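The values are calculated or read from the model by the stated rules, or taken from the named source; none is laboratory data. Predicted, not measured: the structure shown is a model, and the values here were computed from it. Every residue, glycine as well, gets a Cβ built from its backbone with ideal geometry; the counts of neighbours run over all protein chains shown. In case anyone asks, the SASA skips ligands and DNA or RNA and just uses the protein heavy atoms, side chains included. Shrake-Rupley method; radii C 1.70, N 1.55, O 1.52, S 1.80 Å.
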Protein chains: 4
Amino acid sequence: MYRLVIACPDCVGIVARVSSFIAAQGGWLTEASYHADREAGWFFMRTEIRADSLPVSLQEFAHRFADEVAGQYGMQWHVSDSARKQQVALLASKASHCLADLLYRWSAGELDCGIPCVIANHPGHEALVRHYGLPYHCVPFGADRAAAFAAIADLLGHYRADTVVLARFMQVIPPALCDAWAGRMINIHHSFLPSFAGAQPYRQAYDRGVKLIGATCHYVTAELDAGPIIEQDVARVSHRDSPDDLVRLGRDVEKAVLARGLRAHLEDRVIIHGNKTVILD
Amino acid sequence: MYRLVIACPDCVGIVARVSSFIAAQGGWLTEASYHADREAGWFFMRTEIRADSLPVSLQEFAHRFADEVAGQYGMQWHVSDSARKQQVALLASKASHCLADLLYRWSAGELDCGIPCVIANHPGHEALVRHYGLPYHCVPFGADRAAAFAAIADLLGHYRADTVVLARFMQVIPPALCDAWAGRMINIHHSFLPSFAGAQPYRQAYDRGVKLIGATCHYVTAELDAGPIIEQDVARVSHRDSPDDLVRLGRDVEKAVLARGLRAHLEDRVIIHGNKTVILD
Amino acid sequence: MYRLVIACPDCVGIVARVSSFIAAQGGWLTEASYHADREAGWFFMRTEIRADSLPVSLQEFAHRFADEVAGQYGMQWHVSDSARKQQVALLASKASHCLADLLYRWSAGELDCGIPCVIANHPGHEALVRHYGLPYHCVPFGADRAAAFAAIADLLGHYRADTVVLARFMQVIPPALCDAWAGRMINIHHSFLPSFAGAQPYRQAYDRGVKLIGATCHYVTAELDAGPIIEQDVARVSHRDSPDDLVRLGRDVEKAVLARGLRAHLEDRVIIHGNKTVILD
Amino acid sequence: MYRLVIACPDCVGIVARVSSFIAAQGGWLTEASYHADREAGWFFMRTEIRADSLPVSLQEFAHRFADEVAGQYGMQWHVSDSARKQQVALLASKASHCLADLLYRWSAGELDCGIPCVIANHPGHEALVRHYGLPYHCVPFGADRAAAFAAIADLLGHYRADTVVLARFMQVIPPALCDAWAGRMINIHHSFLPSFAGAQPYRQAYDRGVKLIGATCHYVTAELDAGPIIEQDVARVSHRDSPDDLVRLGRDVEKAVLARGLRAHLEDRVIIHGNKTVILD
């Protein structure tokens, strides 16, 4: 399956132009979604094309599309082949629930990606990661945080990661790394953002006495917990729940939200526009 | 806004053909949704076109579309003008919560339709309906049910209703009336179908000890509570809730589900295929 | 039904002492709920006693309870008779959805209270309120806000309101009025607090790109939108939803959350402790 | 913590009698929940008592309670010590998601139990179970189903299981085994019961076109999928979801519902009454 994802200023005839181009190549659409943001005057589009319906290579298809269509409409676009799995590196700290959840889903075929390595600043996950037959690297965060992040950047390069998932990785990513991975680094924050950004969100939620707790999957930007939101969900809590109960109940929300957000990202359904996302399902 | 809704056997090039046709007329798409049902081999499409972008009348547009596109692909299709509001007749029995909810939403502009009349087999809603300035007809259901349904059919004809909503109307619709209004008569059933079809679903739910109750908005067919489902939702209940509590809690679910289902219908988002629906949002 | 609601420092034997006292008077418990907040070292209790099981008056029962039990444990407590309906004044501004919803629920017997009057700073709700046979007062908010609030305070006194509900009343309540009605003035805020306090929360939510919107029912305190939370809920939204769509979708959440919060308040299920609530169901 | 769980015909003074008895022993209640089922005229009660607040052994406490309280009220009751972990045997078939989820939760301390063994009629889970350091037994189901169930019964006896969890174990349990484990054998069914009992519930759900799918955690009885329901939940689906998508989306619901149901069971919060449950939280 080829996936063609487009964002451009809205105008008349875009769908016709794109779909005619695809049809002219012989392409069979199996999915197509659009969104016109009236306020922003911007148009978003995602199509899935059966790879075997195109007589040309992905490269040739992309070349022709750039030539014949994209330039004319000022499109930001990319096309990907679902047969080429993205490589997703996982970063974790002490908590293992998101890591274990993603590894299980991956092994069960729920996540259409490769996992080239797991990196953590905590030694405790080695047995878990080895159980899934994956490389595990422990990068301790001592006094020299810059060195630790440099080591992580090296590992990500070494393993040729396409996407990085912060599966409850509790170190603040330095701005340069945020920029280098813009749109490709996904975090799960354990609150319903923008409430309770920063440290100890469940404690903050407990102290405020909220009746629902939440989790937010978002792209990482230099401003902490403020990047484009991909997915959120909540769970009901009550006065009976201690801070530890919130942590426990929240784990299930975090796992579900991160998995859904990552899945959308892997299927090229997420388009970032400004500080928001369009999710074309 | 013109809305073009299409269902046809799936094949290559449908989107291109339709969108090129629209573009050739100068039409500006503001929304477009597709669905290809791989199991059924069937394709569904809904587009919204800015009325002021088309130099031709709706009639002429439809004529050309039939001629140039629809026949070739064996399409079931229709095009409607959102400026022409559907006329939705409401039928009720004793319970007023769905009726009152729809009337309020209508008066608040949430439902893009006219309400030509309210018909009930119970006298109690007259003041409510008059408050909204609408005609109210009470058709009692005594020994002669056929006569009562004939009276209702006459009223629906008299008021030129396009769609009928059974807003907790508790009489079983005769098959001939179901057929006459196929795809245009919407019911709210107070259970999560297919559980608890028929009478007293909350009592059934109470006796079974379920932990969630639900409501189902569906098109009416001759088989009771078995028509194509448009929308469903649930609410959590517990052992503390008596049958009366279930009735009370269920009312909120019924209101929300019926309003969402009707709204989708009014926006031409619902395509019936077999005994199921495709909701193109 | 008598409802006895207690909060006190936790220690051994409270339940035994209270329930023995009730049993000694011949009282039959029909409901009983407890909560021990381990972190705060505080104990909360609510019991319902069949009024006809007590041979003494409510006054006498309260007198004995104060004498024999409450003092010994340093209890904050009150006892109420469900046969004496609370009088709940409703305040509204331009938007009518919460007002209309509460009025309908009240007329349908869902809210166990009287509504002595509806006060608004907008003339538009008179017909609606008159439909329910209730007094309506329009208090315009011009240059002299203090005078307007004085007029409202007078009306609340005149109608002997026990509780005030701000059913989307969009004026900031002055601190003196907040204090006078502490624990008895309930607001619905159209966001999932603490996110998006203050003005135009749906616009804020739209701009942040959240994937869920919410509503919060809370007691009013002098600090805006920061009082003890009674109830919250959320609804899913997407990039397809405009700010107007958020407003529309949010209305349903607001109505449901306010009705549930008010109902809990009317049934004496809410105990305020610090800036949080315990909801004993 | 000692947990005292009681069910008996309702009458005046039960709470007082029980709590006075506990107080007389010096017991400190940390949690207490009650429910009076008015329709059934039955009373349910659960209390947690700090073990260190009682000067007597659990055995002595139980002996006295039987003597002084339970007989007089015709109580069905039991008392347990949370320090003595229940032993929960897990049974699985081919699908591993519920099994893997429970094992992870157990290892993370979310489930307060021991897992003496995992039994499956499929060889594929050995590595997973060994990763958690637990015994794994594969009991194939060939022609002689009776022999296979006899082997399972032997294993459950050998490992002294207190509770059995059917973590997507897809063999119908024979009536004698159901009876032997009445109230102690928990199943997760992959539908919102009573809809879609029996085989292939997701296929049934797909064919019916429901808009929500669900899962149900219930005690096993001789009648298939008809035992007392402990917990249920649902997830939203659409026309876009294939039968395989329903299976995938349903897995998350199944995992959550089973974990919550088992947790309630392990904390002695579930009282079975007739074919329903009271969950005292």
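Total residues in the stretch A:261-271 satisfying the condition of being farther than 15 Å from A:Ile6 by Cβ and facing chain C (nearest Cβ under 10 Å): the figure is 1. Quick check: anything in the stretch C:257-271 farther than 26 Å from B:Val234 by Cα and modelled with pLDDT of 95 or more? Checked against the condition, which is being farther than 26 Å from B:Val234 by Cα and modelled with pLDDT of 95 or more, the stretch C:257-271 yields at least one hit. Checked against the criterion of being at the interface with chain B (Cβ under 9 Å from one of its Cβ atoms), part of a loop (DSSP other than H, G, I, E, B) and more than 19 Å from B:Tyr34 (Cβ to Cβ), the stretch A:37-46 contains one or more residues that satisfy it. Considering the stretch B:29-70, the residues that are open to solvent by 10 Å² or more (accessible area, probe 1.4 Å) and among the β-branched types (Val, Ile, Thr) include one that is modelled with the highest pLDDT, namely B:Val56. Does the stretch D:201-217 contain at least one residue that is out of contact with any Ser or Thr (no Cβ under 9 Å at 6 or more places or on another chain), modelled with pLDDT of 95 or more and of a type in the set (Gly, Ala, Ser)? The answer is no, given that none of the residues of the stretch D:201-217 is out of contact with any Ser or Thr (no Cβ under 9 Å at 6 or more places or on another chain), modelled with pLDDT of 95 or more and of a type in the set (Gly, Ala, Ser). The residue that is surrounded by the most Cβ atoms within 10 Å (Cβ to Cβ), counting only those in the stretch B:72-82 that are in contact with a strand residue (DSSP E or B) (Cβ under 8 Å, 6 or more places away or on another chain) and not in a strand (DSSP E or B), is B:Met75. Only one of the numbered conditions (1) under 29 Å from C:Ala153 (Cβ atoms); (2) touching a helix residue (DSSP H, G or I) at 6+ places or on another chain (Cβ under 6 Å) is not met by C:Ile213, and that is (1). Of the numbered criteria (1) farther than 30 Å from D:Ile152 by Cβ; (2) buried (at least 20 other Cβ atoms within 10 Å of the Cβ), the one D:Val12 fails is (2). So, in the stretch B:186-200, of the ones that are closer than 22 Å to D:Val257 by Cβ and open to solvent by less than 20 Å² (accessible area, probe 1.4 Å), which residue ends up farthest from the other protein chains (Cβ to nearest Cβ)? Step by step, filter the stretch B:186-200, then rank; the result is B:Ser191.
Restricting to the stretch D:128-152, and then to whatever is aliphatic (A, V, I, L, M) and closer than 25 Å to A:Asp252 by Cβ, can you tell me which residue is nearest to the other protein chains (Cβ to nearest Cβ)?
Within the stretch D:128-152, the match that is nearest to the other protein chains (Cβ to nearest Cβ) is D:Leu128.
Looking only at the stretch C:234-249, residues that are more than 11 Å from C:Ala205 (Cβ to Cβ) and assigned to a loop (DSSP other than H, G, I, E, B) come to 4 in all. For the stretch C:83-112, the set of residues classified as out of contact with any His (no Cβ under 7 Å at 6 or more places or on another chain), open to solvent by 30 Å² or more (accessible area, probe 1.4 Å) and either of a type in the set (S, T, N, Q) or in a loop (DSSP other than H, G, I, E, B) (or both) consists of C:Ala83, C:Arg84, C:Lys85, C:Gln86, C:Gln87, C:Ala95, C:Ser107, C:Gly109, C:Asp112, listed by residue number.
Comparison of B:Leu128, B:Leu166, B:Leu155 shows that the only residue that is buried (at least 16 other Cβ atoms within 10 Å of the Cβ), within 30 Å of D:Phe192 (Cβ to Cβ) and not aromatic (Phe, Trp, Tyr) is B:Leu166.
Being under 21 Å from the mean Cα position of the chain (by Cα), facing chain D (nearest Cβ under 8 Å) and of a type in the set (Gly, Ala, Ser) is the filter; apply it to the stretch C:1-36 and report the residue that is nearest to C:Asp281 (Cα to Cα). If we take residues in the stretch C:1-36 being under 21 Å from the mean Cα position of the chain (by Cα), facing chain D (nearest Cβ under 8 Å) and of a type in the set (Gly, Ala, Ser), then C:Ser33 is nearest to C:Asp281 (Cα to Cα).
Evaluate the following for A:Arg240: is it more than 10 Å from chain C (Cβ to nearest Cβ) and either open to solvent by 30 Å² or more (accessible area, probe 1.4 Å) or without any contact (Cβ under 8 Å) to a residue 24 or more places away in the chain (or both)?
Here the answer is no, as A:Arg240 does not meet what is asked.
Just one of the listed residues (C:Gly183, C:Gly227, C:Gly274) is open to solvent by less than 10 Å² (accessible area, probe 1.4 Å) and either within 11 Å of chain A (Cβ to nearest Cβ) or out of contact with any Asp or Glu (no Cβ under 6 Å at 6 or more places or on another chain) (or both), namely C:Gly227. Of the numbered criteria (1) in contact (Cβ under 8 Å) with a residue 40 or more places away in the chain; (2) within 27 Å of C:Ala89 (Cβ to Cβ); (3) facing chain A (nearest Cβ under 9 Å), the one C:Asp233 fails is (1).
If you check B:Glu231 against the conditions, is it more than 10 Å from the chain's Cα centre (by Cα) and either within 22 Å of D:Ser195 (Cα to Cα) or in a loop (DSSP other than H, G, I, E, B) (or both)?
no
If we scan the stretch A:210-217, do we find a residue that is within 13 Å of the chain's Cα centre (by Cα) and within 12 Å of chain C (Cβ to nearest Cβ)? Checking the stretch A:210-217: at least one residue is within 13 Å of the chain's Cα centre (by Cα) and within 12 Å of chain C (Cβ to nearest Cβ). Within the stretch A:246-256, does at least one residue satisfy the condition of being at pLDDT 95 or above and within 11 Å of chain C (Cβ to nearest Cβ)? No: zero hits. The set of residues in the stretch C:243-270 that are more than 12 Å from C:Ile186 (Cα to Cα), open to solvent by 20 Å² or more (accessible area, probe 1.4 Å), within 24 Å of the chain's Cα centre (by Cα) and among the charged types (D, E, K, R) comprises C:Arg248, C:Arg251, C:Asp252, C:Glu267, C:Asp268, C:Arg269.
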